[in-house]
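K.L.:
Would you mind keeping the following structure in view while I ask a few things?
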Amino acid sequence: MKRKKLKVGIVGLTSCEGCQFSIMDLGNRFIDLLEYFEIVEFRLMEEKVFKTPEMDICFVEGSVVTKSNKKKVKEIREKSKVLVALGNCASMGGIHQIKNYHEPKKLIKNIYSNSDKIDNPNILNLGDIIKVDYTIPGCPINNLEFLKLVYTLIREIDFKIPNKPVCHECQSRGYRCVLMDGEPCLGPIVLGGCKAICLKSEMACQGCRGLFKGAQIKNHLDHLKKIGHKKEELDHVLEIYGLRDNIESIIN
Ligand code: SF4
Ligand code: SF4
Ligand code: SF4
(Lines give C-alpha, C1' and ligand atoms only; values in the text may rest on other atoms or scores of the structure.)
(Ligands and ions follow the chains in the order given, each with its own letter.)
Protein backbone atom coordinates (compact mmCIF):
# COMPACT_ATOMS: atom_id res chain seq x y z
CA MET A 1 0.00 0.00 0.00
CA LYS A 2 1.30 3.44 -0.88
CA ARG A 3 2.19 5.51 2.20
CA LYS A 4 0.55 8.95 2.53
CA LYS A 5 3.12 11.71 2.12
CA LEU A 6 3.84 13.99 5.07
CA LYS A 7 3.14 17.68 4.52
CA VAL A 8 6.40 19.46 5.32
CA GLY A 9 7.39 23.12 5.52
CA ILE A 10 10.83 24.71 5.80
CA VAL A 11 10.46 28.27 6.99
CA GLY A 12 13.01 31.04 7.52
CA LEU A 13 12.52 33.90 9.99
CA THR A 14 15.37 36.40 10.61
CA SER A 15 18.50 34.52 9.60
CA CYS A 16 21.28 34.21 7.04
CA GLU A 17 19.52 31.18 5.48
CA GLY A 18 22.71 29.13 5.94
CA CYS A 19 20.82 26.29 7.63
CA GLN A 20 18.33 26.09 4.75
CA PHE A 21 21.24 25.99 2.32
CA SER A 22 22.77 23.14 4.34
CA ILE A 23 19.57 21.21 3.61
CA MET A 24 19.82 22.05 -0.10
CA ASP A 25 23.46 20.86 0.04
CA LEU A 26 22.13 17.36 0.63
CA GLY A 27 21.47 17.25 -3.11
CA ASN A 28 20.01 13.92 -4.20
CA ARG A 29 19.54 12.86 -0.58
CA PHE A 30 17.10 15.79 -0.26
CA ILE A 31 15.38 14.83 -3.51
CA ASP A 32 15.02 11.25 -2.15
CA LEU A 33 12.95 12.67 0.71
CA LEU A 34 10.25 13.68 -1.77
CA GLU A 35 9.19 10.04 -1.77
CA TYR A 36 7.93 10.67 1.77
CA PHE A 37 7.37 14.43 1.75
CA GLU A 38 5.09 16.85 0.05
CA ILE A 39 6.83 20.22 0.46
CA VAL A 40 4.10 22.74 1.21
CA GLU A 41 6.29 25.72 2.12
CA PHE A 42 9.97 26.35 1.32
CA ARG A 43 10.82 29.85 0.18
CA LEU A 44 14.19 28.82 -1.28
CA MET A 45 12.24 26.69 -3.75
CA GLU A 46 9.17 28.86 -4.26
CA GLU A 47 9.20 32.64 -4.15
CA LYS A 48 5.89 33.41 -2.45
CA VAL A 49 3.70 31.62 0.07
CA PHE A 50 0.36 33.32 0.52
CA LYS A 51 -1.00 31.54 3.57
CA THR A 52 0.64 29.32 6.20
CA PRO A 53 -0.52 25.78 5.30
CA GLU A 54 -1.38 22.89 7.64
CA MET A 55 1.82 20.86 8.17
CA ASP A 56 2.79 17.50 9.65
CA ILE A 57 6.32 18.78 10.24
CA CYS A 58 7.67 22.31 10.07
CA PHE A 59 11.38 23.11 10.23
CA VAL A 60 11.94 26.68 11.36
CA GLU A 61 15.20 28.53 10.84
CA GLY A 62 16.01 31.96 12.26
CA SER A 63 15.25 34.03 15.31
CA VAL A 64 12.21 36.11 16.11
CA VAL A 65 12.99 39.79 15.55
CA THR A 66 10.15 41.54 13.71
CA LYS A 67 6.42 41.69 14.42
CA SER A 68 5.81 39.61 11.29
CA ASN A 69 8.31 36.97 12.57
CA LYS A 70 6.28 36.78 15.79
CA LYS A 71 2.97 36.45 13.94
CA LYS A 72 4.40 33.84 11.56
CA VAL A 73 5.91 31.68 14.29
CA LYS A 74 2.64 31.56 16.24
CA GLU A 75 0.74 30.67 13.07
CA ILE A 76 3.25 27.93 12.26
CA ARG A 77 2.89 26.45 15.74
CA GLU A 78 -0.89 26.35 15.43
CA LYS A 79 -0.69 24.65 12.04
CA SER A 80 2.16 22.14 12.66
CA LYS A 81 1.92 18.78 14.36
CA VAL A 82 5.71 18.68 14.87
CA LEU A 83 7.87 21.79 15.01
CA VAL A 84 11.64 21.62 14.71
CA ALA A 85 14.02 24.50 15.53
CA LEU A 86 16.74 24.54 12.92
CA GLY A 87 20.12 25.91 13.97
CA ASN A 88 21.53 28.32 16.51
CA CYS A 89 19.34 31.31 15.50
CA ALA A 90 16.11 29.38 16.07
CA SER A 91 17.23 27.57 19.21
CA MET A 92 19.44 30.18 20.92
CA GLY A 93 18.82 33.49 19.14
CA GLY A 94 21.82 33.43 16.78
CA ILE A 95 24.77 35.75 16.46
CA HIS A 96 22.55 38.84 16.26
CA GLN A 97 21.30 38.23 19.84
CA ILE A 98 24.67 39.65 21.00
CA LYS A 99 22.69 42.91 20.95
CA ASN A 100 20.53 41.71 23.87
CA TYR A 101 23.57 41.63 26.18
CA HIS A 102 24.51 45.25 25.51
CA GLU A 103 22.68 48.56 25.40
CA PRO A 104 20.41 48.15 22.38
CA LYS A 105 19.35 51.83 22.39
CA LYS A 106 22.96 52.99 22.28
CA LEU A 107 23.94 50.44 19.66
CA ILE A 108 21.17 51.37 17.25
CA LYS A 109 22.26 55.03 17.34
CA ASN A 110 25.69 53.97 16.05
CA ILE A 111 24.06 52.35 13.03
CA TYR A 112 21.03 54.45 12.01
CA SER A 113 20.75 58.24 11.90
CA ASN A 114 16.94 58.03 12.31
CA SER A 115 17.09 55.39 15.07
CA ASP A 116 13.96 56.76 16.87
CA LYS A 117 11.80 55.51 13.99
CA ILE A 118 13.28 52.03 13.99
CA ASP A 119 11.76 49.13 15.88
CA ASN A 120 14.49 47.73 18.13
CA PRO A 121 13.11 44.74 20.04
CA ASN A 122 15.11 42.12 21.94
CA ILE A 123 16.04 39.13 19.79
CA LEU A 124 14.08 36.01 20.77
CA ASN A 125 14.53 32.35 20.00
CA LEU A 126 11.58 30.06 19.21
CA GLY A 127 11.46 28.56 22.70
CA ASP A 128 10.87 32.04 24.14
CA ILE A 129 7.41 32.16 22.59
CA ILE A 130 6.29 28.73 21.39
CA LYS A 131 6.75 25.05 22.22
CA VAL A 132 9.54 23.42 20.22
CA ASP A 133 9.40 19.64 19.73
CA TYR A 134 12.94 19.00 18.45
CA THR A 135 16.12 21.00 17.96
CA ILE A 136 18.89 20.55 15.44
CA PRO A 137 21.72 22.67 16.84
CA GLY A 138 24.63 24.44 15.18
CA CYS A 139 25.58 27.38 13.00
CA PRO A 140 24.96 26.08 10.47
CA ILE A 141 23.26 22.76 11.21
CA ASN A 142 24.97 19.47 10.43
CA ASN A 143 22.75 18.39 7.52
CA LEU A 144 23.32 14.71 8.35
CA GLU A 145 21.65 15.34 11.72
CA PHE A 146 18.74 16.87 9.78
CA LEU A 147 18.51 13.68 7.69
CA LYS A 148 18.70 11.50 10.79
CA LEU A 149 15.87 13.43 12.42
CA VAL A 150 13.78 13.24 9.26
CA TYR A 151 14.11 9.44 9.02
CA THR A 152 13.36 8.97 12.72
CA LEU A 153 10.19 11.07 12.27
CA ILE A 154 9.19 9.08 9.19
CA ARG A 155 9.63 5.84 11.15
CA GLU A 156 7.91 7.39 14.19
CA ILE A 157 10.82 6.70 16.52
CA ASP A 158 12.45 9.11 18.92
CA PHE A 159 15.36 11.34 17.87
CA LYS A 160 18.32 11.88 20.17
CA ILE A 161 21.70 13.48 19.64
CA PRO A 162 24.42 11.62 21.60
CA ASN A 163 25.16 13.64 24.74
CA LYS A 164 28.91 13.98 24.28
CA PRO A 165 31.08 17.10 24.28
CA VAL A 166 32.93 18.50 21.27
CA CYS A 167 36.19 17.30 22.91
CA HIS A 168 35.13 13.70 22.27
CA GLU A 169 35.03 14.22 18.49
CA CYS A 170 38.04 16.54 18.54
CA GLN A 171 40.31 14.05 20.26
CA SER A 172 38.98 11.00 18.43
CA ARG A 173 40.06 12.78 15.23
CA GLY A 174 43.48 13.55 16.67
CA TYR A 175 43.17 17.35 16.46
CA ARG A 176 45.60 19.55 18.35
CA CYS A 177 44.11 20.76 21.67
CA VAL A 178 44.10 24.56 21.45
CA LEU A 179 43.02 24.76 25.11
CA MET A 180 46.45 23.38 26.00
CA ASP A 181 47.89 26.35 24.07
CA GLY A 182 45.83 28.73 26.23
CA GLU A 183 42.87 29.36 23.86
CA PRO A 184 39.43 29.78 25.54
CA CYS A 185 37.97 26.67 23.88
CA LEU A 186 34.44 25.76 24.99
CA GLY A 187 34.66 22.19 23.65
CA PRO A 188 34.54 20.58 27.12
CA ILE A 189 31.07 22.02 27.85
CA VAL A 190 29.49 22.12 24.37
CA LEU A 191 27.39 19.42 22.68
CA GLY A 192 29.28 17.52 19.99
CA GLY A 193 27.91 16.39 16.66
CA CYS A 194 29.68 18.93 14.44
CA LYS A 195 32.70 16.67 13.94
CA ALA A 196 34.69 19.34 15.84
CA ILE A 197 34.88 21.23 12.58
CA CYS A 198 36.39 24.41 14.07
CA LEU A 199 39.18 22.46 15.73
CA LYS A 200 40.08 20.96 12.36
CA SER A 201 41.31 24.50 11.57
CA GLU A 202 42.67 24.95 15.11
CA MET A 203 39.94 27.50 15.94
CA ALA A 204 38.61 27.30 19.49
CA CYS A 205 35.02 26.08 19.87
CA GLN A 206 32.70 29.03 20.57
CA GLY A 207 29.70 26.92 21.42
CA CYS A 208 27.26 27.22 18.50
CA ARG A 209 25.62 23.88 19.39
CA GLY A 210 24.78 24.85 22.97
CA LEU A 211 25.64 23.07 26.21
CA PHE A 212 25.63 19.33 26.64
CA LYS A 213 23.71 17.87 29.60
CA GLY A 214 25.86 17.50 32.70
CA ALA A 215 28.63 19.83 31.48
CA GLN A 216 31.00 20.94 34.24
CA ILE A 217 30.45 24.59 33.38
CA LYS A 218 31.78 26.22 36.52
CA ASN A 219 34.90 24.06 36.60
CA HIS A 220 35.65 24.88 32.98
CA LEU A 221 35.11 28.63 33.36
CA ASP A 222 37.26 28.61 36.53
CA HIS A 223 39.97 26.84 34.56
CA LEU A 224 39.80 29.42 31.75
CA LYS A 225 40.14 32.21 34.33
CA LYS A 226 43.06 30.40 35.95
CA ILE A 227 44.94 30.29 32.63
CA GLY A 228 44.55 34.05 32.24
CA HIS A 229 41.19 34.81 30.59
CA LYS A 230 39.33 37.66 32.25
CA LYS A 231 35.58 37.44 32.98
CA GLU A 232 34.77 40.21 30.45
CA GLU A 233 36.63 38.36 27.70
CA LEU A 234 34.87 35.10 28.53
CA ASP A 235 31.50 36.88 28.59
CA HIS A 236 32.13 38.11 25.04
CA VAL A 237 32.94 34.58 23.87
CA LEU A 238 29.83 33.18 25.58
CA GLU A 239 27.66 35.90 24.01
CA ILE A 240 28.54 34.98 20.40
CA TYR A 241 26.06 32.11 20.16
CA GLY A 242 23.84 32.95 23.13
CA LEU A 243 25.43 30.63 25.71
CA ARG A 244 25.83 33.33 28.35
CA ASP A 245 22.12 33.41 29.30
CA ASN A 246 21.94 29.63 29.59
CA ILE A 247 25.08 29.47 31.71
CA GLU A 248 24.03 32.31 34.01
CA SER A 249 20.66 30.65 34.62
CA ILE A 250 22.45 27.42 35.60
CA ILE A 251 25.35 28.61 37.73
CA ASN A 252 24.02 31.82 39.35
S1 SF4 B 1 22.14 29.28 12.68
FE2 SF4 B 1 23.88 30.19 11.58
S3 SF4 B 1 23.78 29.34 9.52
FE4 SF4 B 1 21.80 28.95 10.50
S5 SF4 B 1 20.53 30.69 9.86
FE6 SF4 B 1 21.44 31.21 11.85
S7 SF4 B 1 23.31 32.35 11.32
FE8 SF4 B 1 22.67 31.27 9.48
S1 SF4 C 1 40.76 21.78 21.44
FE2 SF4 C 1 38.88 22.23 22.53
S3 SF4 C 1 37.45 20.69 21.80
FE4 SF4 C 1 39.49 19.94 21.31
S5 SF4 C 1 40.07 18.67 23.05
FE6 SF4 C 1 40.88 20.72 23.40
S7 SF4 C 1 39.31 21.70 24.65
FE8 SF4 C 1 38.36 19.93 23.70
S1 SF4 D 1 33.39 23.29 17.19
FE2 SF4 D 1 32.02 24.46 18.50
S3 SF4 D 1 31.66 26.39 17.42
FE4 SF4 D 1 32.58 24.94 15.96
S5 SF4 D 1 30.82 24.00 14.92
FE6 SF4 D 1 31.34 22.68 16.67
S7 SF4 D 1 30.04 23.42 18.35
FE8 SF4 D 1 30.06 25.00 16.79
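K.L.:
Pairs only if they're at least six apart or on different chains, beta carbon under 8 angstrom, first in region 165-192 and modelled with pLDDT of 95 or more and part of a loop (DSSP other than H, G, I, E, B), second near ligand 2 (Cβ under 8 Å from one of its atoms) and β-branched (Val, Ile, Thr); list them, first residue then second.
P.N.:
These pairs meet every condition: CYS185/VAL178; LEU186/VAL166; GLY192/VAL166.
K.L.:
Determine whether region 242-252 contains at least one residue that is at pLDDT below 95, more than 21 Å from CYS139 (Cα to Cα), not charged (D, E, K, R) and not in a helix (DSSP H, G or I).
P.N.:
yes
K.L.:
Also, quick follow-up: Could you look through region 116-134, keep only residues that are within 23 Å of LEU13 (Cβ to Cβ) and in a helix (DSSP H, G or I), and pick out the one that is farthest from the chain's Cα centre (by Cα)? Walk me through how you get there before you give the answer.
P.N.:
Here is the first cut: in region 116-134, the ones within 23 Å of LEU13 (Cβ to Cβ) are 117-134.
Remaining after also requiring in a helix (DSSP H, G or I): 117, 126-129.
On the way: LYS117: 30, LEU126: 10, GLY127: 11, ASP128: 14, ILE129: 16 Å.
The extreme case among them is LYS117.
K.L.:
Another question, if that's okay. Which of the residues spanning region 13-40 are within 15 Å of ligand 1 (Cβ to nearest atom) and touching a Lys or Arg at 6+ places or on another chain (Cβ under 6 Å)?
P.N.:
Across region 13-40, there are no qualifying residues.
K.L.:
Shifting gears a bit: Determine whether region 150-164 contains at least one residue that is within 13 Å of ligand 3 (Cβ to nearest atom), buried (at least 17 other Cβ atoms within 10 Å of the Cβ) and outside any loop (DSSP other than H, G, I, E, B).
P.N.:
Checked region 150-164: no residue is within 13 Å of ligand 3 (Cβ to nearest atom), buried (at least 17 other Cβ atoms within 10 Å of the Cβ) and outside any loop (DSSP other than H, G, I, E, B).
K.L.:
If you don't mind, another one. Name the one entry in VAL84, VAL150 that is of a type in the set (A, V, I, L, M, F, W, C) and either within 16 Å of ligand 1 (Cβ to nearest atom) or without any contact (Cβ under 8 Å) to a residue 24 or more places away in the chain (or both). Break it down into steps so the answer makes sense when it comes.
P.N.:
Values: VAL150 fails: either within 16 Å of ligand 1 (Cβ to nearest atom) or without any contact (Cβ under 8 Å) to a residue 24 or more places away in the chain (or both).
The match here is VAL84.
K.L.:
Can you report the number of residues in region 135-149 which are away from ligand 3 (no atom under 16 Å from the Cβ) and crowded, with 19+ Cβ neighbours inside 10 Å?
P.N.:
Looking only at region 135-149, we keep the residues that are away from ligand 3 (no atom under 16 Å from the Cβ), and these are 147-149.
If we keep only those that are crowded, with 19+ Cβ neighbours inside 10 Å too, we end up with 149.
Number satisfying all stated conditions: 1.
K.L.:
Just give me the residues in region 196-231 being in contact with a helix residue (DSSP H, G or I) (Cβ under 6 Å, 6 or more places away or on another chain), within 16 Å of ligand 1 (Cβ to nearest atom) and more than 16 Å from GLU248 (Cα to Cα), in sequence order.
P.N.:
Within region 196-231, CYS205, GLN206, CYS208 meet the criteria.
K.L.:
Right, next: Read through the list (1) near ligand 2 (Cβ under 9 Å from one of its atoms); (2) out of contact with any strand residue (DSSP E or B) (no Cβ under 6 Å at 6 or more places or on another chain), then give the number of the only condition that GLN206 fails.
P.N.:
(1)
K.L.:
Where residues in region 199-229 are in a loop (DSSP other than H, G, I, E, B) and in contact with a Lys or Arg (Cβ under 8 Å, 6 or more places away or on another chain), which of them is surrounded by the fewest Cβ atoms within 10 Å (Cβ to Cβ)? It would help to see each step written out before you state the result.
P.N.:
Keep residues of region 199-229 that are in a loop (DSSP other than H, G, I, E, B), which gives 201-210, 212-216, 227-229.
Right, trim to in contact with a Lys or Arg (Cβ under 8 Å, 6 or more places away or on another chain) and you get 202, 212.
Working: GLU202: 12, PHE212: 19.
Selected residue: GLU202.
K.L.:
Restricting to region 167-186, name every residue that is surrounded by 12 or more Cβ atoms within 10 Å (Cβ to Cβ) and of a type in the set (Asp, Glu).
P.N.:
GLU169, GLU183, listed by residue number.
K.L.:
Take LEU234 and decide whether it is hydrophobic (A, V, I, L, M, F, W, C), at pLDDT 95 or above, surrounded by 19 or more Cβ atoms within 10 Å (Cβ to Cβ) and not in a loop (DSSP other than H, G, I, E, B). Break it down stepwise before answering.
P.N.:
Values: hydrophobic (A, V, I, L, M, F, W, C): yes; at pLDDT 95 or above: yes; surrounded by 19 or more Cβ atoms within 10 Å (Cβ to Cβ): no; not in a loop (DSSP other than H, G, I, E, B): yes.
Here the answer is no, as LEU234 does not meet what is asked.
K.L.:
Any residue at all in region 39-49 that's surrounded by fewer than 19 Cβ atoms within 10 Å (Cβ to Cβ), out of contact with any strand residue (DSSP E or B) (no Cβ under 6 Å at 6 or more places or on another chain) and at positive phi?
P.N.:
no
The values are calculated or read from the model by the stated rules, or taken from the named source; none is laboratory data. What you see is a predicted model; the values in this text were computed from it and never measured. No Cβ is skipped: glycine too gets one built from the backbone with ideal geometry, and neighbour counts run over all protein chains shown.
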